[in-house]
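Enquirer: Structure provided below as structure tokens; questions to follow.
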Amino acid sequence: MLRLARHVPGPLVAAAWATLALALSPLVLEDLELRVYDLRQRLQGADAVRRADIVVVNIDEATTEALGWPLPRARWVEWFGCLGAFEPKQVGFDLFLTHHLCSPGDDTLLAATMGQGTPTVLAVGLALPESLSARLPQGPEPADSLLLRWWEPHPELQADPRITHSHRVEERPLAVLVEQAAGAGNAAVDPDRDGVIRRLPLVTEYGGYLVPSFSLAMMLEQEGVAFSQCAFVPGATFTIPGRPPIPLDASSRMILRYNGPPGTFRSFGLFQLFDLMERAIIDHDAVALRELESLRGALLIVGVTDAAQMDLPATPVHPRFPGPEIQATALDNLMRSHHTRRLAFGWEAAAALALALLGALAGLRLRPAPGAMLALLLAIAYVIGVFLLGARAGLWLGTVVPLVALAGSYGTNVTLERLAREKEQRLVKDAFGKYVSPGALKQLLDDPASVLGRRGEKKEITILFSDVKGFSALCEGHEPDPLLTQLNEYLSEMTDIVFSHGGAVDKFMGDGLMAFFGHPVSAPDHARRAVAAGLQMQRRLIELRRTWETEKRLDFHIRIGINSGEVIAGSMGGGRKMDYTVFGRSVNLAQRLESGCDVDGVLVSGDTLSRAGIDPVTATAKTITAKNIGEVTAYQVSIDTDRTQHTRS
């Protein structure tokens, strides 16, 4: 399963992919990251812990059909008059009461009713977004004077890039209503570039003043805290006294944590609410009273949801999400301190580098199947970890950049390793394909590093030499073609036997053959294999001679010498021709044993005899004199010696 890679700089590839993914993040991958964040929001489902005291009052299709639109001021006066009986804590108007519909007297009456009843927060519509370069340097207009009591002057922040800026008020409530209101905030939302509302400006700079969002204005009024009492660090945090800091993004926007799809908050249609109030107050209807009990102590957000009157914006959890529920979501997040904080880019970079390194490790150290499985498991584990981090801790750690780094690093390293491995395998095939059996070659191809990159090494192996007796004399008086045909048939048979016992054929020397066992494919029982091969060669040649005799062909008799010991193994030759071979004293002795062997016999050294596990009593001792070695005691092994012991393992 494990493999050793020498040719691919895995860490460099991992670092390159992590860097590339991070570089692509703001250009390409951020849009995909936002989609993944949306998916996580949808998978979290409805939040059962949401504030039950936040109630949405919808100006829906039934309301506009029954009561008309815009709603007459008299209807709002009637609604406020009835509402007091059910004692809500606060009303937030997420709609713009900006124009006189009939006479100013109607507006004055509505203002008086608002001032005597439940505290009301009005919505202001600032023009968003505005780049600093396009901003017109102007202060608040005279019509804004009443609103400034809830806003905070900070002229030094007019050029601060860490704040969302606006240069004008597009929707301004009537002054008579502002006089009686308990607060006012910016209800304009700032969708991302794909049109999805994932965050809203918690604080907006307008004419040197900081303007709270509509939901923040409701929160501050409910808490009895002035905007000036809060601590604001642009692009970082906003802190309400006695509460944890609210994390903000680089533009001082609060990331919304949606509690579920549309309809998650308790809601009423305005026309439905009129009907319930009438039944409860006039008819004392128990069902209506029970329904309206949810208004007691509630924070009401009133807004338009009739799609014919306004577009419903897209959010992570739904493509058409009612505006009032977006404000309800923001208010719920603020009241519960249920925030999302996107971790700094450094965390994403660290995750990308870590996953890229693990991807490189999987690509280089493991075979493709387990490597791909590990990379997939890493990706799944990371995605689950990011999901849990967001769901439980409210932390947004980037998903796409680290996964791209993981996939790119793994894929690149696998490809480079595969190319390097194929090159190694070609080298192994070229070097050993003609020396070893197909099975042995497959073993070498599975682990090419075991034999490549070595200039020379010492190995304990067993060497076998064989030679046809009097071959030169046999050649005289015979045609070359049939002679070579018979010789090749003989050598082919002998080679097959060597291969069948796991040996390697080093070379053919005319009619002679040199083979060795125990390398390049390791075999601890190399001596036993070599002796078994030698005995089988002699037995096979007896069968061949019988066949050749009937065919009137030449009579071959061979001698075989076998020795075990230490040799030097490696590739020898020059740039035009290289051969893999072994040499050393042990090789020389094996060759001397072959020349000193009896015809049709197998002569082995004492070391080989011992390693092969052959009882010396069953062999015939013979002393030979080897050049540069001296006298050596060897053993002639009968071809009938313990056939079972020397058959192929």
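The values are calculated or read from the model by the stated rules, or taken from the named source; none is laboratory data. This one's a predicted model, so the numbers in the text were calculated from it and none came from an experiment. Virtual Cβ from ideal backbone geometry, glycine too; neighbours counted across all protein chains shown. For accessibility, only protein heavy atoms count, side chains too; no ligands or nucleic acids. Shrake-Rupley method; radii C 1.70, N 1.55, O 1.52, S 1.80 Å.
Enquirer: Given the structure, is Ala307 small (Gly, Ala, Ser) and more than 25 Å from Glu65 (Cα to Cα)?
Expert: Answer is no for this residue.
Enquirer: Tell me, please, whether a residue that is under 34 Å from the mean Cα position of the chain (by Cα) and without any contact (Cβ under 8 Å) to a residue 24 or more places away in the chain can be found in region 209-230.
Expert: Checked region 209-230: no residue is under 34 Å from the mean Cα position of the chain (by Cα) and without any contact (Cβ under 8 Å) to a residue 24 or more places away in the chain.
Enquirer: Ok, one more. Quick one: what pairs do we get from region 103-115, first residue farther than 20 Å from Lys89 by Cβ and of a type in the set (S, T, N, Q), second modelled with pLDDT under 85 and open to solvent by 10 Å² or more (accessible area, probe 1.4 Å), C-beta under 7 Å, 6+ apart or different chains?
Expert: Pairs that qualify, where the first residue is farther than 20 Å from Lys89 by Cβ and of a type in the set (S, T, N, Q) and the partner is modelled with pLDDT under 85 and open to solvent by 10 Å² or more (accessible area, probe 1.4 Å): there are none.
Enquirer: Now for a separate question. Please determine, by comparing only the residues of region 30-77 that are part of a loop (DSSP other than H, G, I, E, B) and more than 27 Å from Arg392 (Cβ to Cβ), which one is modelled with the highest pLDDT.
Expert: Asp60
Enquirer: Next question, about the same structure. Taking Arg149 and the conditions (1) out of contact with any Leu (no Cβ under 7 Å at 6 or more places or on another chain); (2) modelled with pLDDT of 90 or more; (3) crowded, with 17+ Cβ neighbours inside 10 Å, which numbered condition does it fall short on, given that it satisfies the others?
Expert: (3)
Enquirer: Here are the criteria: (1) crowded, with 23+ Cβ neighbours inside 10 Å; (2) more than 22 Å from Ala217 (Cα to Cα). Tell me which single one Ile281 does not satisfy.
Expert: Ile281 satisfies every listed condition except (1).
Enquirer: Having 3 or more residues that are of a type in the set (Lys, Arg) and either open to solvent by 10 Å² or more (accessible area, probe 1.4 Å) or farther than 14 Å from Ile461 by Cβ (or both) is the bar; report the strands (runs of 3 or more DSSP E) wholly within region 525-628 that clear it.
Expert: none
Enquirer: Next up: Report, ordered by the first and then the second residue, all pairs with beta carbons closer than 6 Å, sequence separation of six or more or different chains, a first member in region 609-626 that is of a type outside the set (A, V, I, L, M), and a second member that is part of a strand (DSSP E or B).
Expert: Matching pairs, first to second residue: Arg611/Ser564; Thr620/Gln636; Lys622/Ala634; Lys622/Gln636; Thr623/Glu631; Thr623/Thr633; Thr625/Glu631.
Enquirer: Hey, can you tell me all the residues within region 454-477 that are modelled with pLDDT under 85 and either part of a helix (DSSP H, G or I) or open to solvent by 90 Å² or more (accessible area, probe 1.4 Å) (or both)?
Expert: Arg454, Arg455, Ser472, Ala473, Leu474, Cys475, Glu476
Enquirer: Condition (residue is touching a residue at least 60 places away in the same chain (Cβ under 8 Å), at positive phi and of a type outside the set (D, E, K, R)) applied to region 312-334: is it met by at least one residue?
Expert: Checked against the condition, which is being touching a residue at least 60 places away in the same chain (Cβ under 8 Å), at positive phi and of a type outside the set (D, E, K, R), region 312-334 yields no hits at all.
Enquirer: Ok, one more. Can you say whether Glu417 is acidic (Asp, Glu), over 28 Å from Pro244 (Cα atoms), open to solvent by 20 Å² or more (accessible area, probe 1.4 Å) and assigned to a helix (DSSP H, G or I), as far as the supplied structure shows?
Expert: Judged against the criteria, Glu417 is not a match.
Enquirer: Based on what the data block shows, is Leu374 more than 30 Å from Met254 (Cβ to Cβ), at pLDDT 90 or above, open to solvent by less than 70 Å² (accessible area, probe 1.4 Å) and touching a helix residue (DSSP H, G or I) at 6+ places or on another chain (Cβ under 9 Å)?
Expert: yes
Enquirer: While we're looking at this one, here's another question. Within region 199-226, can you find the residues that are of a type in the set (Gly, Ala, Ser) and assigned to a loop (DSSP other than H, G, I, E, B)?
Expert: Result: Gly207, Gly208, Gly224, Ala226.
Enquirer: While we're on this one: Within region 223-243, how many residues are farther than 22 Å from Leu126 by Cβ and in contact with a strand residue (DSSP E or B) (Cβ under 9 Å, 6 or more places away or on another chain)?
Expert: Residues that pass the stated criteria total 3.
Enquirer: Which residue pairs have Cβ atoms under 7 Å apart, sit 6 or more places apart or on different chains, and have a first residue in region 452-463 that is farther than 13 Å from Glu566 by Cα and a second that is at pLDDT below 70?
Expert: Taking only residues 6 or more apart or on different chains, the pairs are Leu452/Glu424; Leu452/Leu427; Leu452/Val428.
Enquirer: Within region 370-384, can you find the residues that are under 8 Å from the mean Cα position of the chain (by Cα) and over 18 Å from Ala349 (Cα atoms)?
Expert: Across region 370-384, the qualifying residues are Ala375, Leu376, Ile380.
Enquirer: Another question, if that's okay. Give the residue that is nearest to the chain's Cα centre (by Cα), with candidates limited to residues of region 78-100 that are more than 17 Å from Phe274 (Cα to Cα) and part of a loop (DSSP other than H, G, I, E, B).
Expert: Leu95
Enquirer: Which of the residues that make up region 152-197 are surrounded by 14 or more Cβ atoms within 10 Å (Cβ to Cβ), acidic (Asp, Glu) and within 24 Å of Gly235 (Cβ to Cβ)?
Expert: Those that are surrounded by 14 or more Cβ atoms within 10 Å (Cβ to Cβ), acidic (Asp, Glu) and within 24 Å of Gly235 (Cβ to Cβ): Glu152, Asp160, Asp190, Asp192.
Enquirer: Take the residues in region 497-524 that are under 19 Å from Leu603 (Cβ atoms) and of a type in the set (Val, Ile, Thr); name whichever of them is surrounded by the most Cβ atoms within 10 Å (Cβ to Cβ).
Expert: By that ranking, first place goes to Val498.
Enquirer: Hey, can you tell me all the residues within region 29-77 that are closer than 18 Å to Gly263 by Cβ and of a type in the set (Asp, Glu)?
Expert: Correct list: Asp47, Asp53, Asp60, Glu61.
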